[in-house]
Amino acid sequence: MREYLARALTSAGYHVTAVDRGTEAVPYIDSGTFDLLLSDIVMPEMDGIELAQHTAKAAPQTQVMFITGFAAVSLRAEENVPQAKLLSKPFHLKDLVREVDNLFGRADRSNQQ
């Protein structure tokens, strides 16, 4: 799934750094400037909520968007990271691109396709 998400966002003109777990993302968050953290909530080693909380401290300008297929986990995310955007599975890749575009105020791509 990570590859499909990265490919969709890259095709939409975004620069993407993709990793397979939260602990792998931490050094990137700590050393770089990212506009968006797009994370699943349920991950091995460090869940998305922990990663978002780390991001809020290390890079407070970085916006957060979670993807999840678990309703109960969604409620936990909203309680712990209330400013985060939430995208529930299943979703179409166009939905993801539209949500990211909306987050950054980019023009509606539906008129371009």
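Please work out how much length the chain gains when fully extended from residue 31 to residue 61, using 0.36 nm per residue of separation minus the C-alpha to C-alpha distance, in nm with one decimal.
9.4 nm
Students often check this: by mean Cβ neighbours within 10 Å, which of 59-65, 37-43 ranks highest, and how do the rest follow?
My ranking of the peptides, most packed first, is 37-43, 59-65.
Residue 106 to residue 7: FRET efficiency via 1/(1 + (r/R0)^6), r the Cβ-Cβ distance, R0 25 Å, to the nearest 0.05?
Details: r = 18 Å, r/R0 = 0.72.
For residue 106 and residue 7, the calculated efficiency is 0.85.
Evaluate the distance, in nm, between pseudo-label points positioned 7 Å from the Cα of residue 94 and of residue 53 along their respective Cα→Cβ axes.
Result for the modelled spin labels: 3.8 nm.
Every number here is computed from the coordinates shown, using simple stated rules; none is lab data. Note that this is a predicted model, so its numbers are computed, not measured. Ideal geometry is used to build each Cβ from the backbone, glycine not excepted, and the neighbour counts take in all protein chains shown.
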